[in-house]
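What follows is one structure encoded as structure tokens, with my remarks underneath.
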Ligand code: HEM
């Protein structure tokens, strides 16, 4: 069995290490996961699913409207999706490198304070005005209800703030991921054309793409999976919770374990031409198929809790954008997507959006 390394033991203060991803396993973390799961994995046709669909449509259309005001000029797209904090430095995974990152962490501290100052009044206001019987509209409601009804003695306002920051971190991950999808397809017009064909076949050019169209657009889904494979997101280090062995190697309890997602996603023994961007590898007879050795969000009880959000949001934003625009590379820009990196810099990849 594998648990998470206790990162708080390495004394790196409050730089996000009370977030779910870096906490050891406990009853508290289990509850935090349960509370969040309700919101990040909405069941198809449920009210939350419908809400999400409406919300993505409204937000994406607003963003696309702003982009149309650039009139085919190159657009630095990332600020439209999100600003980001996490740049995917080695210290994120090897905390003993902290002394080399002092300056960066001071800056990081300022940004986390900025986010906290932005969120605190919103959460406080919702906390003070909460009334029994209030419907759980969003994740903040869920957290506040848990605290006010004392459903879990360990969850308090401070933990709630950290729990919300998990989601902010996750959304930054999606924005970065989307930039990478756009970088791959900007230089592959034939892929865009195939996605657009799927869009036309489901919408008949009469309406916007909806989340429920996902199942009828396997090629678009395959493009998203192929990007997830190629970016080979690093997996948070784990720790063996008991003596064990892997392939004959003894693993002592307490050993720090890194799962090599790069090897899983790029091994020539597992994939044909692994370096190539080839979404068709996820399709058999037109149906989407995920090989058993593909688990980009890890697996087990510490797996990524936002994986469904990644799939739903990426699908909608990519298809809604391609429904309105062709994405073109800007002359002189490189579209090489970095591998094994979490976040791209603020001014990365510019695109032209041609109606
Ligand atoms: C492309 C985007 C994303 C990728 C590639 C990704 C990948 C991962 C991976 C590999 C892990 C580590 C799993 C493990 O150690 O076993 C993880 C953990 C986690 N992810 Fe994501 N993730 C993404 C987006 C998100 C989003 C959108 C959210 C939230 C809405 C999120 C929330 C989390 C949380 C809370 C954990 C820690 C879970 C735990 O330790 O219990 N992620 N993610």
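No lab work stands behind these numbers, since they all come straight from the coordinates. Just so it is clear, the model here is predicted, and its values are computed rather than measured. For neighbour counting, all protein chains shown are included, and Cβ atoms are generated from backbone atoms with ideal geometry for every residue, glycine included.
How would 210, 215, 32 line up from fewest to most surrounding beta-carbon atoms within 10 angstrom? Present the calculation step by step, with values, prior to reporting the outcome.
Working: 210 17, 215 11, 32 25.
Ranked by crowding around the Cβ, least crowded first: 215, 210, 32.
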For the chain, what is the mean residue ellipticity at 222 nm derived from helices alone (per DSSP H run of n ≥ 4: -39500 (n - 2.57); sum divided by total residues; nearest 500 deg cm²/dmol)?
-15000 deg cm²/dmol
For the pair residue 278 and residue 153, how long in nm is the line joining their label points, each one 7 Å along Cα→Cβ?
5.8
Which shape class applies to segment 227-276: rounded if a/c is under 1.5, otherwise prolate when a/b exceeds b/c and oblate if not, where a ≥ b ≥ c are the square roots of the Cα gyration tensor eigenvalues?
oblate
Of the candidates 192, 107, 50, which one comes out as most mobile in a Gaussian network treatment of the chain with C-alpha springs shorter than 10 Å?
107
Using only alpha carbon pairs under 8 Å that are at least six residues apart, calculate the relative contact order of segment 207-286 and give it in whole percent.
35
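Please arrange 245, 233, 201 by how many other C-beta atoms lie within 10 Å of their C-beta, fewest to most. Don't jump to the answer; show the numbers that get you there.
On the way: 245 9, 233 23, 201 12.
Going from sparsest to densest Cβ surroundings: 245, 201, 233.
Percentage of Cα-Cα pair distances in the chain greater than 38 Å, rounded to whole percent?
Working: 12478 of 62835 pairs.
Result: 20 percent of Cα pairs exceed 38 Å.
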If neighbour count is taken as other Cβ atoms inside 10 Å, put 161, 309, 206 in order from fewest to most.
206, 161, 309
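R0 = 45 Å: FRET efficiency of residue 30 with residue 287, Cβ-based, nearest 0.05?
Numbers: r = 35 Å, r/R0 = 0.78.
My answer for the efficiency is 0.80.
Shape of segment 246-355 from its Cα gyration tensor (a ≥ b ≥ c, root eigenvalues): rounded if a/c is under 1.5, otherwise prolate when a/b > b/c, or oblate?
Since a/c reaches 1.5 and a/b is larger than b/c, the shape of segment 246-355 is classed as prolate.
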FRET E, pair residue 354, residue 111, Förster distance 25 Å, beta-carbon r, rounded to 0.05
0.15
